[in-house]
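Heads up: the structure comes next, in structure tokens.
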Amino acid sequence: MTAYDYDLFVIGGGSGGVRASRIAASHGARVAVAEEYRVGGTCVIRGCVPKKLLVYGAHFAEDLQDARRFGWNVPACDFDWPVLRDNVLAEVDRLEGIYGTILENNKVELYDQRATVSGPNEVTLADGTKLKAGTILIATGAWPFVPDIPGAEHGITSNEVFHLEQMPKRVVIAGGGYIANEFAGIFHEFSCNVTLVNRGDVILRGYDEQIRDRLLQIGLTKGLRFLFNHQFQSVEKRDDGSLLLHFEGQEPVETDLLLWAVGRTPNSVGLGLKEVGVELGQNGAILVDEDNQTSVPSIYAIGDVTDRVQLTPVAIREGHAFADTVFGNKPTRVDYTNIPAAVFSHPPIAGVGLTESEARNTLGQVKTYTSDFRPMKNVLAGRNERSLYKMVVDGTTDRVVGLHMIGPDAPEILQAAAIAVKAGLTKAQFDETIALHPTMSEELVLMR
Ligand code: NDP
């Protein structure tokens, strides 16, 4: 008999925590998970999944318009936000159920309450129950950051955005990253007047410069407003419910809705981690080694709470690697190179590998190839929106070290192309592949 109630106790039932639990259980471990809100975590409940469904919903605005050029007699159409919202929320409920079933089928015990760490091998549930575990895994994700300024609470975050009562007329989005650009597209397609406010002078820092410039240019053409170098000072709520946003040394801006999209902070506060000796970084990120182990040997952490790469598939990989290493006798480490990523903006952006400037800073010789084209569908639709694909090649080895694209279906195309980049294929090997015509992705093998 072991002295522990469980071999593994996971705090956080998001994508990473669920994967780790399921795999550890399949290796024979006795596993429990504590989730204080809803199983599925950020991605399923209030992130990637409902966001992508809104992106699909938003795209109909352009599709219905374009359909007329393709001969469809489309009468004037109205958009009904509550219908989309409720359908999306119902789908989220369905997925939450599936996640619960996954745990159940794998004999993982679920505690639907908060758990904190009360010792290297002990957790305490919100109802006071203390449980012993051989290993504890923290997979509590991250939480939207809201700046500490007067009136900040009048804004909402991505947690609330899926539940809006009605579509606002005017929306200000604070930030210029993933969430800001994705929701800028969504709100714009739903006929809101959208302003993005950024503290710096670039959007999507870290993405290839030419690609993000193209998104900016398309956004401006569509009628989005961008305010750069704006530092928020305060948010004032007025009697009519509207908000007046004040900035340092800039004109105030009026809006009906303010969405904070200024990053996400690791969710490590109040978990009892510091008290048991787990080392945290400056922003509260749990510091782990390559095997996801913290400074306390029996405590591990994966996913956004470690603030390595805040992406669901990375958290899933980390959870899987952790379970294989610790319970499967199969030491596995996550390879963080060439992780593909996408921004589901309108149009979307996707990229893998080095940007041109990263390549120039790290490699001796760099060649770049671009294809700047108007997709066939856009031409007939009379939509003056150009796509841009860019390939970054190591000039010495001919190896493709980066691919970056903006245009319709870019994330779908990039996922397949990322396999070739990850496999280290050369530009010549891309060129040897015969084009699949007529497609947008054929540009990948036609860049000269
Ligand atoms: P991002 O890190 O993408 O962007 C944050 C933005 O907020 C940047 O423009 C940044 O500006 C700005 N910012 C940061 N701190 C402050 C501050 N104190 N005051 C004002 N502005 C600030 O964050 P998001 O919130 O958009 O998304 C969080 C994370 O979630 C992403 O990093 C991503 O990993 C993940 N995510 C992934 C998605 C996907 O895969 N499609 C979709 C949504 C989220 P600056 O450039 O100056 O630093």
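Some points to look at:
- Segment 221-232: number of residues that are within 11 Å of the ligand (Cβ to nearest atom) and surrounded by fewer than 17 Cβ atoms within 10 Å (Cβ to Cβ): 3
- Within segment 151-210, being of a type in the set (Ser, Thr, Tyr) and out of contact with any Phe, Trp or Tyr (no Cβ under 6 Å at 6 or more places or on another chain) holds for SER158, TYR178, SER191, THR195, TYR207.
- Residue, nearest to the ligand (Cβ to nearest atom), within segment 33-42, restricted to residues that are open to solvent by less than 20 Å² (accessible area, probe 1.4 Å) and outside any loop (DSSP other than H, G, I, E, B): GLY41
- Failed criterion for LEU363 (all others in (1) under 22 Å from the mean Cα position of the chain (by Cα); (2) in contact (Cβ under 8 Å) with a residue 12 or more places away in the chain hold): (1)
- Selection count, segment 54-93, where residues are closer than 28 Å to GLY41 by Cβ and exposed (fewer than 11 other Cβ atoms within 10 Å of the Cβ): 2
- Qualifying residue in segment 403-412 (condition: surrounded by fewer than 16 Cβ atoms within 10 Å (Cβ to Cβ) and assigned to a loop (DSSP other than H, G, I, E, B)): no
- Failed item in (1) in contact with a Lys or Arg (Cβ under 8 Å, 6 or more places away or on another chain); (2) in a helix (DSSP H, G or I), with GLN415 passing the rest: (1)
- Residue match in segment 373-390 (condition: farther than 27 Å from ASN181 by Cα and open to solvent by 10 Å² or more (accessible area, probe 1.4 Å)): no
- Applying the criterion of being within 16 Å of the ligand (Cβ to nearest atom) and without any contact (Cβ under 8 Å) to a residue 60 or more places away in the chain to the residues of segment 200-218, the residue that is most open to solvent (accessible area, probe 1.4 Å) is ARG205.
- Every condition in (1) more than 19 Å from ILE138 (Cα to Cα); (2) within 14 Å of the ligand (Cβ to nearest atom) is met by ASP335 except one, and the failing one is (2).
- TYR4 being more than 18 Å from the chain's Cα centre (by Cα) and within 25 Å of SER158 (Cα to Cα): no
- The C-beta contact set for segment 49-77 (first residue free of Cβ contacts under 8 Å to residues at least 40 places away in the same chain, second residue open to solvent by 90 Å² or more (accessible area, probe 1.4 Å) and assigned to a helix (DSSP H, G or I), distance under 7 angstrom, 6+ apart or interchain) comprises VAL74/ARG68.
- Taking segment 72-166 and the strands (runs of 3 or more DSSP E) fully enclosed by it, the elements with 3 or more residues that are away from the ligand (no atom under 16 Å from the Cβ) are at 109-111, 115-119, 122-125, 130-138.
- Test: residue in segment 179-198 that is of a type in the set (Gly, Ala, Ser), open to solvent by 40 Å² or more (accessible area, probe 1.4 Å), within 15 Å of the ligand (Cβ to nearest atom) and over 15 Å from GLY155 (Cβ atoms): no
The values are calculated or read from the model by the stated rules, or taken from the named source; none is laboratory data. Predicted model only: the values in this text are computed from it and were never measured. Please note: Cβ atoms are built from the backbone with ideal geometry, for glycine as well, and neighbour counts cover all protein chains shown. Accessible surface is based on the protein model in full, side chains and every heavy atom, while ligands, DNA and RNA are left aside. Shrake-Rupley method; radii C 1.70, N 1.55, O 1.52, S 1.80 Å.
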